[in-house]
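Working notes for the structure below.
Laboratory data are not the source of any read-out in this text; all were calculated from the coordinates shown. Model, not experiment: these values are computed from the prediction. As a convention, Cβ positions derive from the backbone with ideal geometry for all residues, glycine included, and neighbour counts pool all protein chains shown.
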Ligand code: ATP
Ligand code: MG
């Protein structure tokens, strides 16, 4: 049995907690994910560490017991980042670039949002939105009013005509040292992440800019562990879209593509183990499995590493992902081609996107 300070209890027991548990095994870090709806107060030893897999949770006795544990890591951070209003205020406070925004209050009208933010305005729920849920577009000339449900509950953002979406996953240890994975290129389909690629040589010139932004945030928050920063690239400038104080879907490629995944990095950081600069193993494509049934034929593709979450399949629900890693990008492109007939037809565009990006990187 590992020493109790190598016990990590996770608030939440979805796929992120499960993947942390998996990542803890080689290091004999015992990871105990606790379902958000648990009605049993967990018996967490005093010197164990607690970390959430999600930034907001129902205020049940079990969740409160976890969140009030003396070793609940980054306890002061979640309220601040789980609310888009205070998250945006933090980003502004550090003078970091982000999509122009304002708070939606009883004083707000559609006209003054358009005047401030332009003809297309995206309302976002302050709390609880994910996978593009919790968004509402106001577009001139059709929208004339802000729906009541958004007053006091949302922020408004200018529509960004971005070139592409990137994310940076970083980790900060107990001594304040940062480590960053290479920037990830992400494809979102209907607000849901569907594919990621990393590393890509053409993104290297943006790496320092991204590290500087996320590094400033990690330091300001005196944060320990993994945090993800989602960005829009507009020309050679990055704008922060949002922050996730946890392991993140756009970092799943690190399971196959690096020697130490984002899950292991997070565990090492929160338990005080040494970290090392991430080493990549080649190019990795991550394809999210969204609302589709499992097909064991995926496993016949030599590059394919399948993570199946064991959840009930529902439309729009992330039920697994496949990592395809290769030292030769051509090999990854070929593996994607092999995967294509094993996925529903609407994945053709996603595979095509990934293959086009890979081909562009080879020119
Ligand atoms: P997640 O599942 O990552 O938590 P989310 O639903 O919380 O997502 P965002 O990441 O803010 O919300 O938005 C989801 C997607 O919507 C973005 O990845 C992007 O494609 C699009 N989007 C968000 N904000 C803007 C914007 N200001 N302009 C244009 N598109 C946007
Ligand atoms: Mg997002």
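Which value in Å is the Kirkwood Rh of region 100-158 over different Cα pairs? Numbers along the way, then the final one.
Values: mean 1/r = 0.0897 Å⁻¹.
For region 100-158, the Kirkwood estimate is 11.1 Å.
Using per-residue counts of other Cβ atoms within 10 Å, averaged over each peptide, order 269-276, 203-210, 27-34 from highest down. Walk me through the intermediate numbers first.
Numbers: 269-276: 17.1, 203-210: 15.5, 27-34: 18.6.
Top of the packing list down: 27-34, 269-276, 203-210.
Once the Cβ-Cβ distance between residue 312 and residue 162 is put in as r, and R0 is 41 Å, what FRET efficiency do you end up with, to the nearest 0.05? Walk me through the intermediate numbers first.
Numbers: r = 34 Å, r/R0 = 0.82.
Computed FRET efficiency for residue 312 and residue 162: 0.75.
Place the peptides 350-358, 112-120 in order of packing, highest mean first, counting for every residue the other Cβ atoms within 10 Å and averaging per peptide.
Working: 350-358: 18.1, 112-120: 14.9.
Packing proxy ranking, top to bottom: 350-358, 112-120.
Once every Cα of region 164-362 carries one equal point scatterer and solvent is ignored, give the base-10 log of I(q)/I(0) from the Debye formula at q = 0.10, 0.18, 0.19 Å⁻¹, two decimals.
For region 164-362, the Cα-only Debye profile gives -0.40, -1.25, -1.36.
Taking 0.36 nm per residue of sequence separation and subtracting the Cα-Cα distance, how much length would be gained by fully extending the chain between residue 297 and residue 25, in nm to one decimal?
Numbers: separation 272, 0.36 × 272 = 97.92 nm, distance 2.72 nm.
Roughly 95.2 nm would be gained on extension.
Just round it to a whole percent: the fraction of Cα-Cα distances in region 219-310 exceeding 16 Å. Display every interim value, and only then the final one.
Numbers: 2801 of 4186 pairs.
Counting every Cα pair in region 219-310, those more than 16 Å apart make up 67 percent.
For an R0 of 25 angstrom, estimate the FRET efficiency from the Cβ-Cβ distance between residue 76 and residue 41 and round to the nearest 0.05. Display every interim value, and only then the final one.
Working: r = 23 Å, r/R0 = 0.92.
Rounded to the nearest 0.05, the efficiency is 0.60.
If packing is taken as the average number of other Cβ atoms within 10 Å across a peptide's residues, how do 277-286, 239-248 rank, most packed first?
Packing proxy ranking, top to bottom: 239-248, 277-286.
On average over all directions, what projected area in square nanometres does region 7-131 have, based on the convex hull of its Cα atoms? Each step should come with its number before you reach the end.
Numbers: hull surface 41.1 nm².
Spelled out: convex hull of the Cα atoms, projected over all directions, averaged, 10.3 nm².
How far apart, in nm, are two points set 7 Å out from the Cα along the Cα-to-Cβ line at residue 103 and at residue 148?
Distance between label points: 2.2 nm.
Before anything else, pin down the relative contact order of the chain: Cα pairs under 8 Å, at least 6 apart, normalised by residue count, whole percent. It would help to have the intermediate numbers written out before the result.
Details: 727 pairs, mean separation 48.1, N = 363.
Once divided by the residue count of the chain, the mean separation gives 13 percent.
Which residue fluctuates most in the GNM of the chain (Cα springs below 10 Å): 82, 300, 23?
300
Quote to one decimal, in nm, the extra length available between residue 281 and residue 360 on full extension: 0.36 nm per residue of separation minus the C-alpha distance between them. Please report the intermediate quantities before stating the final value.
Values: separation 79, 0.36 × 79 = 28.44 nm, distance 1.99 nm.
Length difference between fully extended and current span is 26.4 nm.
State whether region 148-198 is rounded, prolate or oblate according to the following rule on the C-alpha gyration tensor (a ≥ b ≥ c being the square roots of its eigenvalues): a/c under 1.5 gives rounded; otherwise a/b larger than b/c gives prolate, and the remaining case gives oblate. Don't skip to the end; give the middle numbers.
Details: a/c = 2.79, a/b = 1.44, b/c = 1.94.
The shape class here is oblate.
Modelling each spin label as a point 7 Å along the Cα-to-Cβ direction, I'd like the residue 207/residue 259 distance in nm, to one decimal.
1.5 nm
Which value, in nm² and rounded to one decimal, describes the direction-averaged projected area of the C-alpha convex hull of the chain?
On the way: hull surface 75.2 nm².
Over all viewing directions, the chain projects a mean Cα-hull area of 18.8 nm².
Using R₀ = 41 Å, calculate the FRET efficiency as 1/(1 + (r/R₀)^6) where r is the Cβ-Cβ separation of residue 86 and residue 345; round to 0.05. Walk me through the numbers before you get to the answer.
Values: r = 42 Å, r/R0 = 1.03.
Taking R0 as 41 Å, the efficiency between residue 86 and residue 345 is 0.45.
Does anything in region 123-141 have its amide N under 17 Å from the 7 Å Cα→Cβ label point of residue 116, and if so which residues?
Of the residues in region 123-141, 123-127, 136-140 have backbone N under 17 Å from the label point off residue 116.
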